[in-house]
Structures are given as structure tokens and as C-alpha cells.
Amino acid sequence: MTRLPGTVRGLMTALAALLAVTAASATARATSEPKAPDDFVALRSVDPTIVQEMRYSTPHNFVGERIDGYRQPVCLLTRPAAEALHQAQTRLLRRGYTLKVYDCYRPQRAVDHFVRWAGNLDDLTMKPEFYPRVDKNRLFEDGYIAEKSGHSRGSTTDLTIVRLPARPTRPYVPGQPLVPCYASKGERFPDNSLDMGTGFDCFDTLAHTLDPRVQGVRRANRLLLKETLERLGFVNLAEEWWHYTYKPEPYPDTYFDFPVSGESLISTR
């Protein structure tokens, strides 16, 4: 056997020790991540027919990058909220429609990411699409960004309705020209949703569910979503046509921070 010089053996020993510490640290971080309570489920396990387009796991959102805590593009919810969505889906399928969710449970670390972004007034990357008529320094004051979100309690979802058969939409390409979220459906970023008058996450008063300027087919589409969900216990946020919370919430005062990932759920569920 070839004998290594003492200095080489020393370096190899030090490297091995460093790798062991790094691996141990990574394992510790993985095992120390918070987990979801027992009554959280993946929406797909309750209703696999509901379309999922999880925007915050992609760069197509008002920040312009994948949001902290979104490790997989999956919808996690408390079981009562997921089962109520299943009931809504059953009713819509009979009429030739499907639900589509944009966001569900949102960890506190994602909300913290939004807050940090809002504090950086120089980052206006996505302004032309998501908040073209709102100064970024007013996002807190106008209520578009807050330090806590009902999504973190697990019973709130952002969603829309799609006519069947659901047509795929082209992917967003970072750096592409952006169009205001309140532009006509044929001009703004393509979405297979029914025309709701604005795109999802549009920071504009036109996104208010019952804004009187939204009439005709667009208003009817918003009311179809609203009436379908409200019959099953959901409550709409008046400023966002897409935002609904199931009541009563199992965790009305708890803001969770486990990652959006199947691994956050107990493996037997």
C-alpha cells in the first residue's frame, strides 16, 4: 500500500471531518423542519380533479421569483377546507367547469419573503403586470401586503373556475414583456380561467369582487365562484375575487411555518 505524506493525510482527515459535520447539519435541518398537524391534507388526495397552478412555486408572481417555503407545487389545506372544495368541484363538474387553485396553505416564511420584497422599493420587476397603478411604497398602507396572512392558518385558498376541457396555458418566461393584470383577457398573460375581469393577484381596485365597473359576463363569472363557495361555508375577501376562507377555521389563531411539500404531511395520510 502506498503511504501518503503526513500533510496529505492530515488534509484528508480534515476534509472528512468537514463533510461529516456538513452532512450532520443538513440532516439536523431536515429533521427539525416543522410538520403539519394531523388534519392537514394534500388537496389532490381529496379531489385529484381540481386543477393546480401553484403560482408561488414559480417566478410568475408579483415578486418575480420562487417564494420561500414553496418546495413543491402542491396545495395543502386543512381537511374540512379540502372536503368543502371537493363538494364545490362536484357541483361545478356537472355544469362543465372545474376549480383551479393558485395558492392554498402559505407558510409564514413566505409571508416574510413578501414583507422583505415590499421593503425594497427599488425592485419593480413585476410592477407592469401586478401593480401598475399602485406605488410600491403604498402596498402596506393599502392592504396588499401584511405581516400575517390567513393562508398560514391552512383554510384559505386562492382559486378560480376553468371551463372544461381545461386548455393548457403557456409557461411564463422571466424577462418577457409584461401586460397590466387589468387589461382585457386577450391582452394580459394567458390563463385558462373564465374571464374574471383581472388576472390573479392583481393589486388594483378592479379586483374587488363586487366592483361596479365589472359587469356582464365577468361579473357573472365572479358570482358563479362566489355563490358556489359561499353555499359550502367559504367567505370571500371583498378586495380579492379569488380569495376564500373556509369557516369555521380549525386554527383561527395559529400561523404555521412548515414548508409547502408532501414531506410536511405525515406519510400515512
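The values are calculated or read from the model by the stated rules, or taken from the named source; none is laboratory data. Nothing here was measured: the structure is a model prediction, and the numbers come from that model. With ideal geometry, Cβ positions are generated from the backbone for all residues, glycine too; neighbour counts draw on all protein chains shown.
Scan (1) surrounded by 14 or more Cβ atoms within 10 Å (Cβ to Cβ); (2) closer than 28 Å to residue 176 by Cα for the single condition residue 133 breaks and write down its number.
All conditions are met except number (1).
Examine the stretch 56-63 for a residue that is closer than 20 Å to residue 162 by Cβ and touching a Pro at 6+ places or on another chain (Cβ under 7 Å), and state whether such a residue exists.
For the stretch 56-63, residues closer than 20 Å to residue 162 by Cβ and touching a Pro at 6+ places or on another chain (Cβ under 7 Å): present.
Can you pull out every residue in the stretch 147-197 that is closer than 19 Å to residue 225 by Cα, of a type in the set (A, V, I, L, M) and assigned to a loop (DSSP other than H, G, I, E, B)?
164, 166, 194, 196, listed by residue number.
Just to be sure before I move on: is residue 116 of a type in the set (Lys, Arg) and assigned to a loop (DSSP other than H, G, I, E, B) in the structure I sent?
Here the answer is no, as residue 116 does not meet what is asked.
The rows are residues; the columns are (1) more than 17 Å from residue 225 (Cβ to Cβ); (2) in a helix (DSSP H, G or I); (3) among the small types (Gly, Ala, Ser).
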residue: 41; (1), (2), (3): yes, no, no
residue: 72; (1), (2), (3): yes, no, no
residue: 91; (1), (2), (3): no, yes, no
residue: 109; (1), (2), (3): yes, yes, no
residue: 134; (1), (2), (3): yes, no, no
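From the list 198, 228, which residue is touching a Phe, Trp or Tyr at 6+ places or on another chain (Cβ under 6 Å), of a type outside the set (Lys, Arg) and closer than 22 Å to residue 98 by Cα?
198
Just to check your reading of the model, which residue among 46, 41, 8, 51 is over 14 Å from residue 259 (Cβ atoms) and at pLDDT below 95?
Only one candidate passes the filter, namely 8.
What pairs come up if the first residue lies in the stretch 39-65 and is within 11 Å of residue 75 (Cβ to Cβ), the second is aromatic (Phe, Trp, Tyr) and surrounded by fewer than 18 Cβ atoms within 10 Å (Cβ to Cβ), and their beta carbons are under 8 Å apart, counting only those six or more places apart or on different chains?
Short answer, once both residue conditions are applied: none.
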